Amino acid sequence: MGVFDITDGTFALWLDDKGDPNEPGFVYIDSVIFSPLLANGDFEATEGFAGSGWSWYSREGTGGVEIVSDAQSGQRAAKVTHPDRNDFVVSNNNRVTVNPGEVWEASIWARTESLSNALPLGIAAYNNGDVISWDIAYGDRKIRGVNDWTLISAKARIPEGCNQISLRVN
């Protein structure tokens with residue numbers, strides 16, 4: 001099927017054997033992904049970081065995020081500047097409702113310049129808004145050093161007691 005944009009707010013997915021009762025067939029479904037589930041996941045909805053649907057935290061209170069026009073696709077991207085080696089996190093404010101046992105996948109395009117520590121893509125787990133774990137993601141989901149735009153993906157199997165997840169880059 002590929003990738004396409006839904007422009008009128010309506011989407012119908014039909015999987016069948018062309019409707020001919022004389023030619024029955026089978027349909028196998030492995031994964032159907034509807035995205036984005038994030039608030040302003042492409043940073044196109046705002047010119048500044050404030051009000052973007054994303055949050056910034058730095059343990060040392062240094063660094064920050066600005067919206068820039070140097071994007072992998074579209075017109076805007078978030079540029080993170082952080083001079084310290086201690087914790088920082090950029091997280092999406094939207095929490096996605098999930099069920100235990102489900103497997104979710106998240107991905108981002110990231111570009112790095114002189115990054116000494118690894119930049120992981122994380123998935124935080126919550127139970128009714130309370131943090132269960134800051135990161136339940138697994139897989140090869142980190143980059144370091146100098147990289148042109150690179151797709152980073154992370155998966156998470158939803159643990160018992162978890163009913164919400166959110167995306168974190170830290």
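The values are calculated or read from the model by the stated rules, or taken from the named source; none is laboratory data. Remember, predicted model here, so these are calculated numbers, not experimental data. When we count neighbours, we look across all protein chains shown, and the Cβ atoms used for this are built from the backbone with ideal geometry, even at glycine. Side chains are part of the model used for accessible areas, which takes the heavy atoms of the whole protein and leaves out ligands, DNA and RNA. Shrake-Rupley method; radii C 1.70, N 1.55, O 1.52, S 1.80 Å.
Scanning the range 140-170 for residues that are over 27 Å from THR81 (Cβ atoms) and open to solvent by 30 Å² or more (accessible area, probe 1.4 Å) returns LYS155, ARG157, PRO159, GLU160, GLY161, ASN163, GLN164.
Residue-wise test of (1) modelled with pLDDT under 90; (2) surrounded by 14 or more Cβ atoms within 10 Å (Cβ to Cβ).
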| site | (1), (2) |
| --- | --- |
| VAL98 | no, yes |
| VAL103 | no, no |
| ILE108 | yes, yes |
| GLU113 | yes, no |
| ALA118 | yes, no |
| VAL131 | no, no |
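Among the conditions (1) open to solvent by 80 Å² or more (accessible area, probe 1.4 Å); (2) of a type outside the set (D, E, K, R); (3) modelled with pLDDT under 85, the only one that VAL32 does not satisfy is (1). Among the residues making up the range 61-109, those that are of a type in the set (Ser, Thr, Tyr) and over 21 Å from ILE152 (Cβ atoms) are THR62, SER69, THR97.
Scanning the range 52-75 for residues that are closer than 19 Å to THR150 by Cα and assigned to a loop (DSSP other than H, G, I, E, B) turns up SER69, ASP70, ALA71, GLN72, SER73, GLY74, GLN75.
For the range 82-96, give me the residue count where each residue is modelled with pLDDT of 85 or more and open to solvent by 60 Å² or more (accessible area, probe 1.4 Å).
Number satisfying all stated conditions: 2.
Taking residues in the range 138-167 that are farther than 14 Å from GLU105 by Cα, and partners anywhere that are exposed (fewer than 13 other Cβ atoms within 10 Å of the Cβ) and of a type in the set (Asp, Glu), the pairs with Cβ atoms closer than 7 Å and at least 6 places apart or on different chains are VAL146/GLU113. Per the listing ASP8, ASP17, the residue uniquely more than 21 Å from GLY122 (Cβ to Cβ), at pLDDT below 85 and touching a Gly at 6+ places or on another chain (Cβ under 6 Å) is ASP17.
Test VAL131 against the criterion of being free of Cβ contacts under 8 Å to residues at least 12 places away in the same chain and in a strand (DSSP E or B), and give yes or no. Walk me through it before giving the result.
Values: free of Cβ contacts under 8 Å to residues at least 12 places away in the same chain: yes; in a strand (DSSP E or B): yes.
Yes: the conditions hold for VAL131.
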